[in-house]
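The values are calculated or read from the model by the stated rules, or taken from the named source; none is laboratory data. Remember, it's a predicted structure, so these values are computed and weren't measured experimentally. Positions of Cβ are backbone-derived with ideal geometry, glycine not excepted, and every protein chain shown enters the neighbour counts. SASA here: full protein model, heavy atoms, side chains in, ligands and nucleic acids out. Shrake-Rupley method; radii C 1.70, N 1.55, O 1.52, S 1.80 Å.
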Amino acid sequence: MASRAFQLELVKMDRFDMLFNHSHVKKNSLAKNRNLTTEQIDLLDSTEGVDKDYLAARPKLTDEQFNRFFNYSDNSGKTYYVSKDYLAKNRNLTTEQIDLLYSTEGLNKNNLALYPKLTDEQFNRFFNDSDVGKDYLAMNPNLTTEQIDLLYSTEGVSKDYLAPNSQLTDEQFNRFFNDPRVNKNYLTQNPNLTTEQIDLLYSTEGVSKNNLAQYPKLTDEQFNRFFNDSDVGKDYLAMNSNLTTEQIDLLYSTEGVSKNYLARYSKLTDEQFNRFFNNSHEDNLAYNPSINPLPVNKWQAGLFNWSW
């Protein structure tokens, strides 16, 4: 009889299988999901019609998969072109993979500067490379405090690009907030805002409340404030990936709210996933970050140290 671990893997695959086998779901939509498993990447890679560039750019690849895409060909000798610029956009690249791509002739180095996590040595190499636009570095969400300060003080770098993605210290946030050269609407797009920073921006005249509804993690009180604010479009709340189960249900039952946004971005329970699946939102579910939900803990997941 199958082991418990194997049975658990089947449970984890259920959502993917439902979508993969549904006639209305585009396989390329699935290929754009960032949370695919190793097995799901391989299955899509072997599926006719799937754009391999999407697979190269989004999910976390094993070393074997990265190398396969970097040197793509099949056993027949027919070469399937995979743009290395798409590989460079992958946020999960290792240090060695970044170095390999950096040294690859013809690669757009700006993509490498923009997405993956760089070592200090790599950051400095990009910073001093005349072929790399520093604005691309400024948009990298993995910058250290010191790197943010360096870019902030570098002439010609757009401070607006630093504002929405960086993990800012309180001092840095306040510096950006009080800098007339920084558009505060870029700050509202930062997913790392604290409760106090959200409240400050919410009360600031001219700031886009829709951005605040969409990007950062909201307290229950803040969610309710946005939900009841006529200046906030509820579709922006529906695009927030940090919603609770109850908030998803509330928005789902609210007239006029786009269920497509909820299906695409929300972390869904099995019941919610099935509800969307059975109400014609399958292709949006293909992008959903909870397509492979992780167990809350080993007891709820049924992880035991024996086989059946």
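Some points to look at:
- Highest mobility in the GNM of the chain, judged by mean-square fluctuation with C-alpha springs under 10 Å and restricted to 188, 204, 144, is found for 204.
- Once exposed loop GluC sites (Glu not before Pro) are cut out (DSSP; at most 15 other Cβ, 10 Å), longest piece of the chain: 49-104
- Gain in span if fully extended, residue 220 to residue 196, counting 0.36 nm per residue against the direct Cα distance: 7.3 nm
- Under 14 Å from the Cα of residue 60 - aspartates and glutamates, other chains or at least 8 residues apart: 39, 42, 45
- Counting only aspartates and glutamates at least 8 places from residue 209 when in the same chain, those with an alpha carbon closer than 17 Å to its own are 196, 199, 220, 221, 229, 231, 235.
- A straight chain from residue 128 to residue 171 at 0.36 nm per residue would run longer than the Cα-Cα distance by 12.8 nm.
- Separation of alpha-carbon centers, the range 94-125 and the range 177-219, rounded to whole Å: 31 Å
- Accessible surface calculations at 1.4 Å, restricted to protein heavy atoms, place the chain at 52 Å² per residue.
- Members of 32/234; 117/184; 27/159; 26/267; 134/259 lying beyond 28 Å, as alpha-carbon distances in this model show: 27/159; 134/259
- Cα-based shape type of the chain, given that a ≥ b ≥ c are square roots of the gyration tensor eigenvalues and the cut on a/c is 1.5: oblate
- With all protein chains in place and a 1.4 Å probe, the accessible surface of the chain carries 47 percent carbon and sulfur.
- Solvent exposure of residue 43, expressed as accessible area, is near 60 Å², computed with a probe of 1.4 Å over the protein chains only.
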